[in-house]
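The values are calculated or read from the model by the stated rules, or taken from the named source; none is laboratory data. Just so it is clear, the structure is predicted and the values come from calculations on it, not from any experiment. Note that we place each Cβ from the backbone using ideal geometry, even for glycine, and neighbour counts take in every protein chain shown. Heads up: the accessible areas ignore ligands, DNA and RNA and are worked out on the full protein's heavy atoms, side chains in. Shrake-Rupley method; radii C 1.70, N 1.55, O 1.52, S 1.80 Å.
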Amino acid sequence: MQSRLIVIEGVDASGKETQARCLYERLRAQREDVFSVRFPNYESESSALVKMYLRGDFGERAEDVNAYTASVFFAADRAASVLGQWRKEFFGGGVVIADRYTPSNLIHQASKIKGQNERDAFLDWSCELEYEKMGLPKPDLVIFLDMPPEYARQLMAGRENKIDHSQSKDIHERDASHLQSAYDSAVYVAKRSGWKTVHCVKDGKIRTVEEIADEVYASVSALL
């Protein structure tokens with residue numbers, strides 16, 4: 001029996017890791033068949049090209065690598081992880097909580113494509129590549145943490161790099177124009193794809209972790 005797959009998505013510094021952990025801990029207290037995964041899978045050799053891309057080995061700006069090429073880097077890491085290391089979790093039943101997954105390409109890479117028709121064509125291609133060609137399971141629910149970039153930049157200021165745990169920023173994080181275009185792309189794709197949007201800012205202030213977590217949990221509970 002295939003697992004139920006819940007994906008937490010959003011732009012950089014939107015609180016994905018925190019909310020994925022909160023959701024996992026809450027569900028794990030109720031049932032044993034709950035698993036937590038995170039993409040990119042930096043602990044695996046499968047993320048080598050992702051690391052090179054984010055370090056700037058192929059160009060100092062995100063736009064230096066076109067959307068299709070960069071998407072393949074991330075897709076290959078996911079395929080290797082899901083079909084190898086995490087096969088039991090994804091195909092053995094239970095509930096998988098993913099901190100990022102295939103929708104991340106739809107957010108970050110689609111933002112590089114300016115024409116609407118061309119962007120929609122990319123979105124369709126990306127889904128076909130990972131779900132149809134690669135055989136990765138489709139999410140049962142994608143929760144989009146809507147954190148506007150001006151607030152995300154505040155949260156990002158003192159955060160360590162997840163690749164090498166340094167204070168340096170990857171090419172997505174240090175590019176303000178990419179952060180804005182990725183956010184705009186995320187809002188569009190969330191509506192187009194029917195994701196559940198959770199607004200992280202209310203009345204000009206970032207909502208508490210607990211408030212956001214309660215809304216995320218309510219959406220997941222309705223599904224399960």
For the stretch 39-48, give me each residue that is of a type outside the set (Asp, Glu) and open to solvent by 20 Å² or more (accessible area, probe 1.4 Å). TYR42, SER44, SER46, ALA48
Just for the stretch 1-32: of the residues that are among the charged types (D, E, K, R) and open to solvent by less than 60 Å² (accessible area, probe 1.4 Å), which one is nearest to the chain's Cα centre (by Cα)? GLU9
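Rundown of residues vs (1) touching a Leu at 6+ places or on another chain (Cβ under 9 Å); (2) buried (at least 23 other Cβ atoms within 10 Å of the Cβ); (3) not in a helix (DSSP H, G or I), yes/no style:
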{"site": "GLU60", "(1), (2), (3)": "no, no, yes"}
{"site": "SER71", "(1), (2), (3)": "yes, yes, no"}
{"site": "ALA76", "(1), (2), (3)": "yes, no, no"}
{"site": "ALA80", "(1), (2), (3)": "no, no, no"}
{"site": "LEU83", "(1), (2), (3)": "yes, no, no"}
{"site": "PHE90", "(1), (2), (3)": "yes, no, no"}
{"site": "GLY93", "(1), (2), (3)": "no, no, yes"}
{"site": "ALA98", "(1), (2), (3)": "yes, yes, yes"}
{"site": "TYR101", "(1), (2), (3)": "yes, yes, yes"}
Quick count over the stretch 49-58, residues being open to solvent by 60 Å² or more (accessible area, probe 1.4 Å), over 30 Å from ARG4 (Cβ atoms) and in a helix (DSSP H, G or I), is 2
Can you tell me which residues in the stretch 182-208 are in contact with a helix residue (DSSP H, G or I) (Cβ under 6 Å, 6 or more places away or on another chain) and open to solvent by 20 Å² or more (accessible area, probe 1.4 Å)? TYR183, LYS196, THR197, VAL201, ILE206
